Each structure stands twice: as C-alpha cells, then as structure tokens.
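What follows is a set of notes on a single structure, which appears directly below.
The values are calculated or read from the model by the stated rules, or taken from the named source; none is laboratory data. Owing to the predicted nature of the structure, the values given are computational and were not obtained by experimental measurement. Counting neighbours? That spans all protein chains shown, and the Cβs are built from the backbone with ideal geometry, glycine included. Accessible surface areas use protein heavy atoms only, side chains included; no ligands, DNA or RNA. Shrake-Rupley method; radii C 1.70, N 1.55, O 1.52, S 1.80 Å.
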Amino acid sequence: MEALEETEEVEKTPEDEISSNISDFLDDLETDAAEKKASVSDDEPDFDWSSIDTSLLPSSYKTNSQQEKELLQLADHFFQQYAHLCPDRKPLFIYPVNECGVQKFVSTTVRPTLLPFPDMYYWSGCASFVCDYLIMEPLKCPLTPPSSLYSPTTILKYQRGNCFDFTVLLCSLLIGAGYDAYCVHGYATLEMCSLDQTQELCPLLRKPPEVPEEEDPNKYRIKYPLEPQSKFLLQQQAKKEEETESAEKEESEEEVLMEVGKPKRDPLHGLRVHAWVLVLSGKRKVPETFFINPFTGNHHSTMDECFLGIESIWNHRNYWVNMQDCRKGCKDLSFDLSDSFCWEIMLSESNEPSQLPTESPKEDTDDMQEKGEIDMSFEMPLSWVAQIRVSCTEYENPFSQGKKVILYDKAKLEKWAAYANRDGLVERLTVYADSDRTEELEVKEWFKHREDLLYMREVNKQTQLITDHFSPGHPLLLKAHSYTSLEPETGHTVEFYHMARVDGLCKRFENATEMTEYFVGREDFLHMRHIEFGERDKKTEKAGIAADANPRPIVQIKEYFHRNPEKPADEDIEERIFMVIDDIIQLTYHLELHDTIASKVVFCRVIGREKREDEIFLSRENTVKYQPWSSEKHKNMLHLYNLLWELRAEQKELKQQVRDSEAEMLNILMVREGEEASIKLTVPMFNIAKRGQRCEAMVLEEEQKSSHSSLENKSQRIGREDESLAHHTATNSTL
C-alpha cells in the first residue's frame, strides 16, 4: 500500500504539469512586477484604492434594497446551477463588490447616460473620451476577473480603472446615446490586455482600401491564342521556384528567430481575462455588429483574432452566458441573443423558467431540485449608481497628466487638451524610420481654435518641407501653403479655396525663376498660366533696393485653355505664348476629332526695326502661320492685324496680372509671418468659462495700458512744468 501511495504521488497528469507551469509563470510575473515597481520613481506612486473616501457616497452605494437582495438571490441560484452543470468552465463575473464592499449585480452597475456634448452622441466620441479621460490599470491577476467593480462615478472622479471599469463606463454612455451595447467578459491577447500597441500600425497612417475598378466584360472581344509552351519546361521551372521559396522561408524563419524585438509566444495565450464592449446592429442604424476596445477606443470586427473567447455579456437589463465553442476565438460566434442554444439568459424576458437544464443526478439533494424549479422572470431594479456628470472643463481637458503619449510601430502619437498649448496644438504624430524611434521622417501636427484657421501642419524632416492646411474662412482664402522658409522667392506652393475667388485661382507655385498658376471654372476656359523670370539687375541689387522697386524681368508667359465647344476648333486657342523679351507671340489652336496637326500662328519682331509702344507693324515677313483652315478670314491680313492688336493689349494686361500675383505672394508671406509671430486663439460662443477668463485678461490688459498712459501723461505734465519754470526764471534774470 505504501508503494502504491508513492507511485500515486509521483505520477502527474498533463493538466497538472500545465497548471504547475502556469503557476511558475505567474510567480515570475509577480517578481517582475515587484522589480518594476521598485524601479519606478517616487514621483509616480501607485494609486491606493483602499484610501478613497466613501463617506460622502449615497446610501444606495452602501446598502441593497429589497429588490436588489432578491436579484442577488436569483443571481446566486443561477451561479450555482451554472457551476454544477458546467464544472469545467471558469466562474462567472456576476456580483462583485463595489467601492463600499457591498455586493452588487453587474447589470445594476451600468447607468445609461447621455452627456450634453455633440460628440458624445456617437460611439466614436464616447470611446475616445473614455480612453483619453481614464488611466489604464492592469488586472491584479491576468487569469481572473477582478473581485470588485466600482461605480462609473467613482471611476470618473479618480480618472483610472481596469478594463472592466472602462467597459462599464463606455457601455453606460453608449446605451444612453441609443446604441444596443453590452459589456463583455472574455479573453484577449497579451497586447490588447496590456495596452501594448508598439507592434501595430498607427490608425492615422492606415490607408483606405483601394476599390478596384470594375471592367465591363465584353463577350465579343477577340481572344488571341497564347504562345505554345513546353509542359516539361514549365514543370522544371515550378520545381526550381519551389526550392528557392523553401530556402527563402528557412532563411526568413532564422532571421525571425534571431530578431530581438519580435514578440515571444505568450504562455498564457487564451487565458488572459479582458473586458470590452459589444455593439449589436440595428439601433442607431448600425449596419454590422462590432467590438470596441475601451483602452484604445478603436473599432474591431467580431472576426478579429485579438479576441479569443467570451464568457458572458450584460447590459442594464439582463445577463447572458455564452454557450458556444470558442476554440477558434470569436469568429464563428452567433450574437443572436434570442437563441437559447447559443446564449443562456439569466432573467427570462417571458414568464418561462430559465433554459438551463435542471435534471440533477441521483447524488444531488432535493434542495437543488427545488432551486431548479425557481421562476427566473424578474424585473431588473434601477441602477444604484448616481447620475453620471461631466463638466465642460473636464470634457475639454480629458488628460489627467496634461498630455497622453501612445507608442505605435515606428510612430509616436501625442495628445493635449484644447488651450493647453499657446499655439493651439492638440495632437502630434511623429513617424520614425526605425522601430527604436530614433530617426524622424515626418511630423504631423493638428491645431484647434486658431484665429488664422490653421488646423494641420506637415513637416518632412528629410527635405524640411512644411505644409500648412487651413480651414475655410481665412482672409486670404488660403487652403494650403507649402514652404521651406517664409522668405520670398524661396519656393512656395499656395492653394486657395477657388470657389471664393473671382479669378478661379486654385493653386500657385513660385520660386526665384518661375511662377505657375492653376485655375478652375473660368469662363474663358483658362486652366494654367506659366511665367518665366530673368535675373534682376545686379547693380540695383548691390545698391540695396527693395524687391518691390526692382521687379524681376518677365521673360515668357504661357497660357493653356480647355476646349470651348461653342467655338470651332480653328478659332479656339489651346496654347498662347508671349515671349516678352524676344517680342514673339505664338498661338496654337485646338484640334478637331479628325485632325492630327494643330493650327499655329506666330507673330515675330521685324529685324532692324525699332519697337514703338503704340505702333504695330505687320507684314508677311514677321508672320508665320500654318493654316489648315477651311474659312477664308484667317488668310486675310486685316484679320491677323486685328488679332495682333488684341494680343498686344492682352500682353500688357498679363504683365500687370503677373505683378499683382507677385505682390499677392509677398502679402501672403507677410501676413503668415505676422500670424506665426503672434498666435491668437479663439473661444467658442458656448464656452462660458473660457470667455470669462478671456474677458478678465482683456480687462487686465486695458488697466495696464491705462495705468501706463496715465504715468506717461504725468511725466509729460512734470516736464512741461519744469520747462515753464525754467523759462520764467530765465525771463526774470534778463529783466
């Protein structure tokens, strides 16, 4: 018998080995956590939830009503049935204690609330507020749900909580906004549970999926026969490709194993407890059921591999247990909560008893049989949580530590509250070339409440190119401005809101030698103008004369026009070139559908003849034309003379327009330099607190100015009195 007992003690099942490995791993986790806590500085101590003051909380937090006590009895009966019939499954998260140590049913902790802010009417606004406002705390044990679940009001007060606290608060806001939302208790990956996004691509860098263009199938298209190929050669080539692919795979696997930054296999994969939000389709015109990770506020598909299983879900009305197989994660789960085979409901919505089988084996007592016949139809009591309130200042300043930093794969995202920075900066995304985030490639910044209506700035760190983006309403109608320096003629690209401009200008590029303008929707069908400049006179540059007094000489002006369907092609100009210095004008006309060579007219300067402003000399020597026209008027010299007269007048107007464009660019640079030198922020009309602060600041400025002016007046009066006394003494001495 002793030998048998020894063998029984030595032999272990595989489950015991797995559990021992997990326990060893948990011990290692505890030691690592203790070391990390020891390494953390004293400036950021861990928050002690046991030290919070609960004396001022309402009585509903400290006691249970009669209806809540009955609900807890039903929940306990449901829990016992579940534990008896499903002994292999983990215990349910159904009635944890609150901050006052009182057991509360999880559904009564959800308090549906609609906050009075426009963004909080949409799920994205609610999710972003929760993930920005709260500080994430990991679960004490990653394998079990927490023993307590605090009220959303307490979580909002201290601005921190675990995944269950995040989920309950977010679900309360979503239900209040009209969504069919549920809290989920389940399992997820290590990265999702620990809020590790260093292996993920930043959502701001994700490109929208390209929609492939559908080609119209033509069944009458001629199918040409393919070139004949040897089957033996194709087989040999396929073998070679397979060998090379296998060799490349082996090399890549070795490289992956050698990589240090690659995440290791999680020994607790599939066992880590997590909580998130489920939003069912239907209400609020939600087209498809989806998940929301409360830590990040991101939208996830129910097919996402990061979610590994679901134990139960609940809302403010009921509680459901998942009876489906989660070996493949949440991919194959059905979210039809009315299906009793997939979801076991706790409180029956009809007068029928619970669907859990109550057939107990012979070993069970009569007491369990009596409990199995309890009617589970019950009306859910109201939430014991006080009304959720968020003030305007709390909503506008969601970051408890002043800012929030999120690390992604080769990227870093920083967030600030509105009015936290003097330049209106609220968000900055830095893109790096390496995973260690040492070499910067690009920086994007977002602004709010700027008086100059700047809302985004992009900086290319390699080329030092800066691009500013503006909202509609700028005094100069700016839409975007790309530059490396605000000095003139250093390369500037300016985009305008062309619908607000009279000339339809949408874009202008200028540097020291050229200027290009793009137009949209003009009546004369002009869509592009290109100007080439020459070098300034060096003598005037050395003399220090300003650029306005010493303009760049215009060498050439090119204009391009779209087709005007109301004119014949041989009268509709496509390209117009004014060679100002050479005194040459060249016209190119549009083509008809059947034409291959465009009609052209070139007016040249007569060699050896002095040019006069009011004189136009036209002869066959200075007119070169190719005219495949059918009309006779183009062959008439009088018509060409009138055309040349009009072109000379338009050339003068174009020169003036070019000078106006140069002056406009100088004005834009001056205005932008002034706006950047003194940045001003606007305050919305509905922001009473900010307006009060601004009024106080304005009153203080006016008082300082008045006191300064009064001191100046006093000093001037004293000076005048001194002068009068000196003059009086001088006159007395002369007398």
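List of remarks:
- Residues LYS444, LYS461 ordered from highest to lowest accessible area at a 1.4 Å probe: LYS461, LYS444.
- On full extension, the segment bounded by MET528 and GLU451 gains 24.5 nm, given 0.36 nm per residue less the C-alpha separation.
- Cα gyration tensor, the stretch 139-183 - rounded (a/c under 1.5), prolate or oblate: oblate
- Local electrostatic count, GLN103, Cβ distance below 14 Å [Lys/Arg +1, Asp/Glu -1]: -1
- FRET efficiency estimate (nearest 0.05) - Cβ-Cβ, LYS157 to GLN401, R0 22 angstrom: 0.85
- Taking label points 7 Å from Cα along the Cα-to-Cβ direction, SER435 and MET685 give a separation of 5.3 nm.
- Additional length obtainable on full extension of the chain from GLN229 to GLU241, 0.36 nm per residue less Cα span: 2.6 nm
- Gain on full extension, evaluated as 0.36 nm per residue between HIS84 and ARG563 minus their Cα-Cα distance, stands at 164.2 nm.
- Accessible area of TYR121 (1.4 Å probe, protein heavy atoms only, ligands and nucleic acids ignored): about 100 Å².
- Fraction in percent of alpha-carbon pairs per bin - 5 Å, the stretch 498-539: 6, 21, 24, 17, 13, 9, 6, 3, 1
- Shown is the FRET efficiency for ASP196 and LEU666, computed with R0 = 45 Å from the Cβ-Cβ distance and rounded to the nearest 0.05: 0.30.
- Cα pair distances exceeding 21 angstrom across the stretch 430-545, given as percent: 54 percent
- Accessible surface for ASP409 stands near 60 Å², nearest 10, in the context of the full protein assembly shown (1.4 Å probe).
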